[in-house]
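The values are calculated or read from the model by the stated rules, or taken from the named source; none is laboratory data. Everything numeric in this text was worked out from a predicted model, so none of it was measured. So basically every Cβ, Gly included, is an ideal-geometry build from the backbone, and we count neighbours across all protein chains shown. The area values use the complete protein model at the heavy-atom level, side chains included, leaving out ligands, DNA and RNA. Shrake-Rupley method; radii C 1.70, N 1.55, O 1.52, S 1.80 Å.
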Amino acid sequence: MEKPFIFINSAMSADGKLSTKERKQVRISGKLDFERVDELRAQADAIMVGIGTVLSDDPSLTVKSQERRAARKVAGKDENPARIIVDSSARTPLDADIFKKGEGTRIIAVSNSAPAEKVRKLEEKAVVIRTGTEKVDLEKLVRKLKEMGINTLMVEGGATLNWGMLSAGLVDEIYTFVGNLIIGGKTAPTFTDGEGFTEAELLGLELLSAKKIENGILLKWKVKKRN
Ligand SMILES: NC(=O)C1=CN([C@@H]2O[C@H](COP(=O)(O)OP(=O)(O)OC[C@H]3O[C@@H](n4cnc5c(N)ncnc54)[C@H](O)[C@@H]3O)[C@@H](O)[C@H]2O)C=CC1
Ligand SMILES: Nc1nc(O)c(N)c(N[C@@H]2O[C@H](COP(=O)(O)O)[C@@H](O)[C@H]2O)n1
């Protein structure tokens with residue numbers, strides 16, 4: 001299948017959580033790790049998050065460094081990569097930060113069951129892609145993104161979208177920054193939620209590198225392809 005190169009970047013606690021049991025964002029990365037994430041954003045053609053992340057964190061997903069935005073401009077690109085929300089039911093607030101901050105394309109991926117009136121309003125602010133009946137069909141979505149010229153796609157969570165992308169076999173590499181804190185809570189989002197694999201389905205990883213950054217560790221993984 002023709003698809004972009006897809007990688008996930010997430011920051012997790014030492015016990016594998018992405019945020020608290022109230023789904024409240026926690027500062028897991030330190031200054032240096034946020035710099036690394038900003039560089040990854042600046043190099044990507046698009047950044048994708050799930051609607052759960054938008055509703056709980058309201059991220060802008062912009063490139064933060066002025067120098068990196070300027071370098072993108074010199075290379076003939078928008079200051080920010082395309083920002084994509086996977087949002088089956090078109091729940092993205094019309095005043096989300098992603099619409100307010102920074103230049104660049106916004107893409108909302110909805111399913112065919114998303115309410116037409118809300119989709120029409122989103123179309124005034126973003127390119128809307130419809131795939132799937134009740135839930136966005138991630139495989140068709142990434143194929144469409146490739147056709148639109150997106151060759152490198154950075155997925156920034158959350159837990160459910162990570163599962164959707166991994167279980168569909170769409171992810172090539174993963175960066176996990178493991179920070180020096182414990183969050184706990186059986187309902188707190190983990191790096192990968194969703195329904196989970198059976199023993200026969202487990203997804204294998206190859207460790208590409210491990211690097212200490214401030215008081216945490218950055219792990220880079222390659223996802224092994226299933227036969
Ligand atoms: N520490 C970190 O690096 C990050 C932490 N987070 C945290 O993660 C939490 C949000 O995670 P979630 O609630 O799991 O939401 P999520 O951001 O993973 O979005 C999930 C939603 O995506 C939509 N979706 C549509 N089609 C889908 C498909 N085919 N497969 C999977 N999802 C599909 C569904 O509506 C689903 O509810 C927040 O608490 C946020 O703070 C989010 C991003 C990064
Ligand atoms: N890489 C990373 N480290 C942390 O410690 C975090 N808390 C997060 N959170 C995610 O970053 C996004 C915020 O983006 P903007 O600053 O608004 O551009 C948001 O999606 C958080 O969940 N990431």
* **Among the candidates 197, 191, residue that is of a type in the set (Phe, Trp, Tyr) and under 23 Å from residue 36 (Cα atoms)** => 191
* Return yes or no: is residue 90 within 14 Å of ligand 1 (Cβ to nearest atom), more than 23 Å from residue 150 (Cβ to Cβ), in contact with a strand residue (DSSP E or B) (Cβ under 7 Å, 6 or more places away or on another chain) and modelled with pLDDT of 95 or more? => no
* Asked: Within region 1-30, can you find the residues that are within 16 Å of residue 50 (Cα to Cα) and more than 11 Å from ligand 1 (Cβ to nearest atom)?
  -> 6, 7
* Asked: Which of the residues spanning region 13-25 are touching a strand residue (DSSP E or B) at 6+ places or on another chain (Cβ under 8 Å) and surrounded by 15 or more Cβ atoms within 10 Å (Cβ to Cβ)?
  -> 13, 16, 17, 18
* Asked: Does residue 41 fit the bill of being over 12 Å from the mean Cα position of the chain (by Cα) and of a type in the set (Lys, Arg)?
  -> no
* Quick one: is residue 88 within 12 Å of ligand 2 (Cβ to nearest atom) and in contact (Cβ under 8 Å) with a residue 12 or more places away in the chain? -> no
* What residue, of 190, 105, 160, is away from ligand 2 (no atom under 14 Å from the Cβ) and among the hydroxyl-bearing types (Ser, Thr, Tyr)? -> 105
* Structure fact -> With the first residue restricted to region 142-154 and required to be free of Cβ contacts under 8 Å to residues at least 40 places away in the same chain, and the second required to be part of a strand (DSSP E or B), Cβ contacts under 7 Å at 6 or more apart or on different chains are 144/129
* For residues in region 37-55 being open to solvent by 40 Å² or more (accessible area, probe 1.4 Å) and in contact (Cβ under 8 Å) with a residue 40 or more places away in the chain, which is farthest from residue 109 (Cα to Cα)? -> 43
* Asked: Where residues in region 167-189 are under 14 Å from the mean Cα position of the chain (by Cα) and open to solvent by 10 Å² or more (accessible area, probe 1.4 Å), which of them is farthest from ligand 1 (Cβ to nearest atom)?
  -> 172
* In region 50-87, how many residues are touching a strand residue (DSSP E or B) at 6+ places or on another chain (Cβ under 6 Å), more than 8 Å from ligand 1 (Cβ to nearest atom) and among the small types (Gly, Ala, Ser)? -> 1
